[in-house]
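Participant: Mind looking over this structure? Questions follow.
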Amino acid sequence: MFENIDFDSIDLTQAPPEDEPARQYYFIAKCRQYVKAETECSGHALTAAVVTFGCQMNARDSEKLSGILESIGYVLTEDENADFVIYNTCTVRDNANQRVYGRLGHINSLKKKNPHMKTALCGCMMQEPSVIEKIKKSYRFVDLIFGTHNIYKFPELLAEMFESGTGGGDGTHRMIIDIWQETDKIVENLPVERKYPFKSGINIMFGCNNFCSYCIVPYVRGRERSRSPEDILAEIRALAKDGVVEIMLLGQNVNSYGKNLENPVTFARLLKEIEKIEGIERIRFMTSHPKDLSDELIQVMKESEKICRHLHLPLQSGSTRILSAMNRRYTKEQYLSLVEKIRKEIPDIAITTDIIVGFPGEEPSDVDETIDVIKKVQYDNAFTFIYSKRTGTPAASMENQVDEAVVREGFDRLLKVVQDTARKRVARLEGQTLDAIVEEVNEQDDRLLTGRLSNNTIVHFPGDKSLIGRIVPVYLKECHGFYYVGEIQS
Ligand code: 5AD
Ligand code: SF4
């Protein structure tokens, strides 16, 4: 692992190696010299902020960016008034893009006060050509832009940025842009800085082949690529040695893990291997596509002591007509019978979902169908989204886009049902004592700790912060909507 690498002993008089990750280690060593020189020059430790938008995949990518920034000598901070700021962007809905533009305006004003400040943009939004055009035109002060396929090249790109110098948009400034359309390259063993010492996300696959007709992800994240089971298991073993007890396996569609490997292996088999790793006590995963969820997986979950009692199973719509236009490749009835099968085998499982309201052609009667599924499934939680038109996707050019007021009406109606059913469903555990992993001190009240049950429900309870990272039994005293207030049982 990279911890053993002595970056200072890398010979920078030689040309950079061709092979990864040695090539990136070389550039880490190079960047360390720049950061050291700037630190001496400015007289203060250089700070760097990594700001994450979007999903768990981005959160994990941000840990990689943080690891690299730390290894080149930056001190990490959450304050955006830093010497280096990078936005790891999301583009799944248009409001994610708008948030980034808003924040860039703020960065511009900070940069005027600190001309040495450097800024970078990466992530899904950068894979869209129209975004790059807009940034080139209206946000000239940005120093570095890269996409989702070459994040491993971050040290090399940083070195290029340091070499070219920055100039705060005064004409001498060069914006470095490196966007790839596709890659099958997966580079292992780069530095990672975990946000939590006791839990970690692990990418098991990248990209998506499903092409749901509303979704931009396959265009910005590329085709499905699975990491080898050996690499995944080695990473998890190293994490366990480092004190990690809970892991979250990440992929856009984990149920199709392993299909494209030279020696194909199923997701269920991978889980069985992970389960054997000593020290790992909890295993989570997301996201599951209903069309690919196998009986083998249900059995492995049922028999497992470690796989958490939670399944995120995006529904998107309960109307078979809309599901077909969405290219989801299951019907309302197939989804319901899948849920029934899962609940029969694993009765205590919590099921959560994603729902889109306002897909082109959706009628109020289609929303009724979705509401019917919500009532039948009794989700523990549902993330509801208003359909957002993403240029380049098939749905964006459908003619029957729904009127905004009609969408709003359907959304509000659906949200009310989601909240009412989830509140009742979550409350079913009142009076029970269940294990919770202690995650942090409560943000609002520092006498309380915040923990998470196997089924992903949050519980707040009095306790000392020395318990963070431990799994403790908690009596679930009162349910407050989506979370519990409880007490540790000794
Ligand atoms: N509009 C609204 N929601 C979307 N999602 C994906 N694409 C869109 C879109 N164009 C939602 C889906 C997915 C979640 C991550 O984001 O519900 O499951
Ligand atoms: Fe998007 Fe569908 Fe792939 Fe999920 S499965 S990332 S919704 S295309």
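Participant: Could you tell me the largest-minus-smallest coordinate of the C-alpha atoms of the chain on each of the three principal axes, in descending order and whole angstroms?
Facilitator: In descending order, the Cα extents are 65, 60, 50 Å.
Participant: With a/c under 1.5 counting as rounded, go ahead and sort segment 162-285 into rounded, prolate or oblate using the C-alpha gyration tensor (a ≥ b ≥ c being the square roots of the eigenvalues; past the cut-off, prolate if a/b is larger than b/c, else oblate). Numbers along the way, then the final one.
Facilitator: Working: a/c = 2.50, a/b = 1.47, b/c = 1.71.
Oblate shape, in that a/c is at least 1.5 and b/c is the bigger or equal ratio.
Participant: Shifting gears a bit: Taking all pairs of different Cα atoms in segment 420-490, averaging 1/r and flipping that mean, what Kirkwood radius in angstroms comes out? Mind dumping the intermediate values first?
Facilitator: On the way: mean 1/r = 0.0846 Å⁻¹.
Computed over Cα pairs of segment 420-490, the Kirkwood hydrodynamic radius comes out at 11.8 Å.
Participant: Let me ask another. Once amide H atoms are built 1.01 Å from N in the peptide plane, which residues 5 or more positions from GLY318, or in another chain, come under 5 Å H to H?
Facilitator: Amide H neighbours of GLY318, under 5 Å, 5+ apart: THR370.
Participant: For a quick size check, give me the Cα extents of segment 48-138 along its three principal axes, largest first, whole Å.
Facilitator: For segment 48-138, the Cα spread along each principal axis is 33, 31, 18 Å.
Participant: Let me ask something else about it. Compute the helix-to-body angle for 94-113: its Cα long axis versus the longest principal axis of the chain, expressed 0 to 90° and rounded to tens.
Facilitator: So the helix axis and the longest Cα principal axis differ by about 30 degrees.
Participant: Using a Debye calculation, one point per C-alpha and no hydration shell, please list log10 I(q)/I(0) for segment 370-490 at q = 0.11, 0.19, 0.22 Å⁻¹ in order.
Facilitator: -0.53, -0.95, -1.13
Participant: Please give the length that would be gained between LYS344 and VAL406 if that part of the chain were fully extended, namely 0.36 nm times their separation in residues minus their C-alpha to C-alpha distance (nm, one decimal). Don't skip to the answer; put the middle values down first.
Facilitator: Working: separation 62, 0.36 × 62 = 22.32 nm, distance 3.72 nm.
That works out to 18.6 nm of additional length.
Participant: Where a Cα-Cα gap under 26 Å defines reach, which lysines qualify for LYS302, not counting those fewer than 8 residues away within the same chain?
Facilitator: LYS199, LYS259, LYS272, LYS276, LYS291, LYS332, LYS341, LYS344, LYS375, LYS376, LYS424
Participant: If you wrap a convex hull around the Cα atoms of segment 246-316, how much volume per residue is inside, in Å³?
Facilitator: 93
Participant: So what's the convex hull volume per residue for the Cα atoms of segment 104-247, in Å³? Walk me through the numbers before you get to the answer.
Facilitator: Details: hull volume 21.4 nm³, N = 144.
Once divided by residue count, the hull of segment 104-247 is 148 Å³.
Participant: Here is a follow-up. Based on the alpha-carbon set only, what is the convex hull volume of segment 1-51 divided per residue, in Å³?
Facilitator: 115
Participant: On to the next question. Grab the Cα-Cα distance for ILE177 and LEU467, subtract it from 0.36 nm times how many residues apart they are, and report the gain in nm with one decimal. Write out the running numbers ahead of the final one.
Facilitator: Values: separation 290, 0.36 × 290 = 104.40 nm, distance 4.47 nm.
Separation in residues times 0.36 nm, less the Cα-Cα distance, equals 99.9 nm.
Participant: Considering every pair of different Cα atoms, what Kirkwood radius, in Å, is found for segment 1-108? Display every interim value, and only then the final one.
Facilitator: On the way: mean 1/r = 0.0641 Å⁻¹.
That comes to 15.6 Å for segment 1-108.
Participant: When the Cα centres of segment 225-293 and segment 314-350 are compared, how far apart do they sit, in Å?
Facilitator: Each part's Cα centre sits 23 Å from the other's.
Participant: Near LYS30, which lysines are there with a Cα under 19 Å away, not counting those fewer than 8 places off in the same chain?
Facilitator: Candidates past the 8-residue exclusion: LYS64, LYS118, LYS153.
Participant: Let me ask something else about it. Give the longest segment of the chain that steers clear of GluC sites (Glu not before Pro) in DSSP loops with at most 11 neighbouring Cβ atoms within 10 Å, not counting the sites themselves.
Facilitator: Working: sites that count: GLU18, GLU78, GLU182, GLU262, GLU278, GLU305, GLU399, GLU443.
It works out to 79-181.
Participant: Once you compute Rg and the Kirkwood Rh from C-alpha atoms, what is the Rg to Rh ratio for segment 375-445? Present the calculation step by step, with values, prior to reporting the outcome.
Facilitator: Values: Rg = 18.5 Å, Rh = 16.0 Å.
A ratio of 1.16.
Participant: Give, rounded to the nearest 20 debye, the magnitude of the charge dipole that the chain has about its Cα centre when Lys and Arg contribute +1 at Cβ and Asp and Glu contribute -1 at Cβ. Provide the component values of the computation, followed by the final result.
Facilitator: Numbers: 62 positive and 73 negative charges, 181 e Å.
Taking the Cα centre of the chain as origin, the dipole is about 860 debye.
Participant: Something else: For the chain, take the longest principal axis of its alpha carbons; what is the angle in degrees between that and the long axis of helix 129-138, to the nearest 10 within 0 to 90?
Facilitator: 50
The numbers here are math on the coordinates, done by the rules we state, and not lab data. Predicted model only: the values in this text are computed from it and were never measured. Note that each Cβ is placed from the backbone with ideal geometry, even for glycine, and that neighbours are counted across all protein chains shown.
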